[in-house]
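J.: Quick one: this structure, given as structure tokens, is what I'll be asking you about.
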Amino acid sequence: MRRPLVAGNWKMNGDTESTISLVKGITDGRAEVTNAEVLICPPYILIPRAADALNGRDDISLGAQDLDINQNGAFTGQISASMLVDAGCKYVIVGHSERRAIYGESDQDVADKFKVAQQGGLTPVLCVGETLEERESGETEAVVARQIQAVIDVVGINQLDDAVIAYEPVWAIGTGKTATPEMAQEVHRFIRAMLAALNGDIAEKLRILYGGSMNAGNAESLIRMTDIDGGLIGGASLQAESFLAICMAAN
Ligand code: 13P
């Protein structure tokens, strides 16, 4: 059985005060979430604040939202895998659609980030997903396959053993428009079948999260689907109550 994972992507939101109160809210309700793994991904500068607020608790994992492909040196403004590990991170999101669309990250860039994340001891959460235009022109599977294949070409299928994939249809992110459970399941099943053709064990073990306007009201119907193993949550991860409700739905 795959252990469900609920991950909060805070994006560029929060400050010291809100981080402390959000982490407190999540830790207060965490005991009820007996099965699902819980992960929070604050902005870089708030990761140490969140780590302090966790105060040594390891039942809530920390992750970052991005990383640089270099280890250290003259790369102004960048953050490396080793810095994230040093700050207490176990996970890092790579290839979020906002990074692809706003900051021009290519499939190759994302694959390189996936590789350095793992080399640095982090578990990558690889985001994939199609735009509305791509869905409407019937390219959903081709896009998702291309995004995943780019990573496999760089690291090999065996490296998917220590990774998470998040299917996030771009048109569902921050729009309030969620994929129906059936629509999401269809893509999740496609992803798992694609990986199964290369390595059945890895495909069976790999957690595939859904992301895109997941909230307390729709989480259960999505996560109930066979190939949906949890969620990558944006807006609804900024309030302890809604985030915990999603964690319970995944439990
Ligand atoms: P929303 O949940 O706000 O739609 O964001 C989803 C997302 O992009 C998570 O990475």
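Coordinate-derived values only; no laboratory data. Because the structure is predicted, anything quoted here is derived from the model rather than measured. Cβ: placed from backbone, ideal geometry, glycine included. Neighbour counts: every protein chain shown.
J.: Tell me, in nm to one decimal, what length is gained between Asp86 and Asp162 on full extension, where the rule is 0.36 nm per residue of separation less the Cα-Cα distance?
T.: 25.4 nm
J.: Taking R0 as 22 Å, what's the FRET efficiency between Asn251 and Asp201 from their Cβ-Cβ distance, rounded to 0.05?
T.: E(calc), rounded to 0.05, equals 0.30.
J.: For region 1-80, what does the convex hull of the Cα positions come to per residue, in cubic angstrom?
T.: Spread over its residues, the Cα hull of region 1-80 gives 113 Å³ apiece.
J.: Report the label-to-label distance for Glu133 and Asp153 in nanometres (one decimal), using points 7 Å from each Cα along the Cα→Cβ vector.
T.: So the two model labels end up 2.2 nm from each other.
J.: Over its Cα atoms, what ratio of radius of gyration to 2.2 N^0.38 Å does region 200-251 give?
T.: 1.16
J.: Using per-residue counts of other Cβ atoms within 10 Å, averaged over each peptide, order 95-101, 181-187 from highest down.
T.: 95-101, 181-187
J.: Another question, if that's okay. Under a plain spin-label model, where a point goes 7 Å from the Cα along Cα-to-Cβ, how far apart in nm are Asn72 and Asp52?
T.: Here the answer is 2.4 nm between the modelled labels.
J.: For region 137-251, what size does the Cα cloud have along each of its three principal axes, sorted from largest down, in whole Å?
T.: Result for region 137-251: principal-axis Cα extents of 39, 33, 22 Å.
J.: I would also like to ask the following. Using only Cα positions of region 112-178, each an equal point scatterer, no hydration layer, compute I(q)/I(0) via Debye at q = 0.12, 0.23, 0.28 Å⁻¹ and quote the log10 values to two decimals.
T.: Listed by q, the Debye log ratios stand at -0.36, -0.95, -1.16.
J.: Share of Cα-Cα pairs in region 71-149 beyond 20 Å, in percent?
T.: So the portion of pairs separated by more than 20 Å is 38 percent.
J.: In whole Hz, what ³J(HN,Hα) sequence does region 60-67 give by Karplus (6.51, -1.76, 1.60; θ = phi - 60°), x for Gly and Pro?
T.: 10, 8, 10, x, 10, 9, 5, 7
J.: Taking the Cα-to-Cβ direction at Met1 and at Glu220 and moving 7 Å from each Cα, how far apart do the two end points lie in nm?
T.: My value for the distance between the label points is 1.8 nm.
J.: Per residue, what volume in Å³ does the Cα convex hull of the chain take up?
T.: Output value, Cα hull per residue: 115 Å³.
J.: Pairwise over distinct Cα atoms, reciprocal of the mean inverse distance: report the Kirkwood radius of region 164-205 in Å, one decimal place.
T.: This gives a value of 11.3 Å.
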